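Novice: Below is a structure I'd like to ask you about.
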Amino acid sequence: MKCLSLRKIIVKTNKMATNRTFTMLKPDAIENGHMGKILDMIIEAGFDIKAMKYTRLTEDQAKKFYEVHAERPFYGELVEYMTSGPIVAAILEKDNAVADFRALIGATDPAEAADGTIRKLYAESKGRNATHGSDSDENAQIESDFHFSAAEIF
Ligand code: DAT
Ligand code: MG
């Protein structure tokens with residue numbers, strides 16, 4: 001019986017995690033004065049802010065965060081850009097958070113992003129594209145842990 005209750009607790013905990021995603025408002029968004037408007041769109045779309053910080057990535061942090069792209073030709077440029085100025089990092093909560101947030105930010109390249117999306121409205125280019133959104137529940141968890149300790153999540 002004790003084992004069964006523990007399993008129920010674990011299932012419940014995992015289910016919570018699927019409703020969270022991780023975002024960064026990237027240096028171009030901050031530089032261009034879009035921080036407030038983007039945060040407003042995120043809140044208006046029904047996301048609760050569980051954690052948030054205004055910070056600047058070190059080269060090591062940016063390299064690690066985008067490690068998956070290390071072999072791509074744009075990796076060096078990406079790391080340089082992501083460390084070029086401050087960012088806003090946040091954990092967001094909502095039903096279906098990962099997919100709904102990717103829909104809100106739009107396609108990687110603003111030229112291909114749907115009307116009304118954050119990237120269509122505010123991104124400069126495919127490289128300088130205003131906002132990051134996790135691509136899976138697993139990565140949302142990894143990326144959130146990368147930026148926030150348990151005590152910083154509310
Ligand atoms: P996304 O941010 O939509 O998940 P991604 O994970 O494929 O896109 O790439 C991560 C970031 O790398 C992306 O937001 C901007 C940059 N990037 C991707 N493809 C690029 C390209 N072809 N040229 C320049 N930068 C690129
Ligand atoms: Mg991605």
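The values are calculated or read from the model by the stated rules, or taken from the named source; none is laboratory data. Computed from a prediction, not measured in an experiment: that's the story for all the values here. When we count neighbours, we look across all protein chains shown, and the Cβ atoms used for this are built from the backbone with ideal geometry, even at glycine.
Novice: Yes or no: residue 99 away from ligand 2 (no atom under 16 Å from the Cβ) and either modelled with pLDDT under 95 or farther than 21 Å from residue 60 by Cα (or both)?
Specialist: Working: away from ligand 2 (no atom under 16 Å from the Cβ): no; either modelled with pLDDT under 95 or farther than 21 Å from residue 60 by Cα (or both): yes.
No: the conditions fail for residue 99.
Yes or no, residue by residue, for (1) of a type outside the set (S, T, N, Q); (2) within 15 Å of ligand 2 (Cβ to nearest atom); (3) under 23 Å from residue 40 (Cα atoms):
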| site | (1), (2), (3) |
| --- | --- |
| 54 | yes, no, yes |
| 61 | no, no, no |
| 64 | yes, yes, no |
| 88 | yes, no, yes |
| 104 | yes, yes, yes |
| 124 | yes, no, yes |
| 139 | no, yes, no |
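Residue-wise test of (1) at pLDDT 95 or above; (2) of a type in the set (Phe, Trp, Tyr); (3) exposed (fewer than 14 other Cβ atoms within 10 Å of the Cβ); (4) under 23 Å from residue 97 (Cα atoms).
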{"residue": "7", "(1), (2), (3), (4)": "no, no, yes, no"}
{"residue": "12", "(1), (2), (3), (4)": "no, no, yes, yes"}
{"residue": "16", "(1), (2), (3), (4)": "no, no, yes, yes"}
{"residue": "20", "(1), (2), (3), (4)": "yes, no, no, yes"}
{"residue": "29", "(1), (2), (3), (4)": "yes, no, no, yes"}
{"residue": "50", "(1), (2), (3), (4)": "yes, no, no, yes"}
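Novice: Another question, then. From the set of residues in region 124-148 that are in a loop (DSSP other than H, G, I, E, B) and out of contact with any helix residue (DSSP H, G or I) (no Cβ under 8 Å at 6 or more places or on another chain), which is farthest from ligand 1 (Cβ to nearest atom)?
Specialist: Going residue by residue through region 124-148, those that are in a loop (DSSP other than H, G, I, E, B) are 124-130, 134-136, 148.
Restricting the remaining residues to those that are out of contact with any helix residue (DSSP H, G or I) (no Cβ under 8 Å at 6 or more places or on another chain) gives 125-126, 148.
Values: 125: 8, 126: 5, 148: 20 Å.
Here the residue is 148.
Novice: Residues of region 104-132 being among the small types (Gly, Ala, Ser), surrounded by fewer than 16 Cβ atoms within 10 Å (Cβ to Cβ) and free of Cβ contacts under 8 Å to residues at least 12 places away in the same chain, which ones?
Specialist: 114, 116
Novice: Just the residues that are under 16 Å from residue 19 (Cβ atoms) and in a loop (DSSP other than H, G, I, E, B), please, taken from region 95-123.
Specialist: 95, 96
Novice: In region 71-82, what residues are away from ligand 2 (no atom under 12 Å from the Cβ) and either within 21 Å of residue 30 (Cβ to Cβ) or loosely packed, with under 12 Cβ neighbours inside 10 Å (or both)?
Specialist: Correct list: 71, 73, 74, 76, 77, 79, 80, 81, 82.
Novice: Are there helices (runs of 4 or more DSSP H) fully within region 35-91 with at least 3 residues that are more than 16 Å from ligand 1 (Cβ to nearest atom)? List them.
Specialist: Details: elements: 35-44, 59-65, 75-82.
Here the list reads 35-44.
Novice: Could you please tell me which pairs satisfy a Cβ distance under 9 Å, a separation of 6+ or placement on different chains, a first residue in region 82-96 that is hydroxyl-bearing (Ser, Thr, Tyr), and a second residue that is in a loop (DSSP other than H, G, I, E, B)?
Specialist: As it stands, the answer is 83/56; 83/57; 83/58; 84/56, since those pairs meet every condition given.
Novice: When residue 151 is evaluated against the numbered criteria (1) without any contact (Cβ under 8 Å) to a residue 12 or more places away in the chain; (2) touching a helix residue (DSSP H, G or I) at 6+ places or on another chain (Cβ under 6 Å), which criterion, by number, is the only one it fails?
Specialist: (2)
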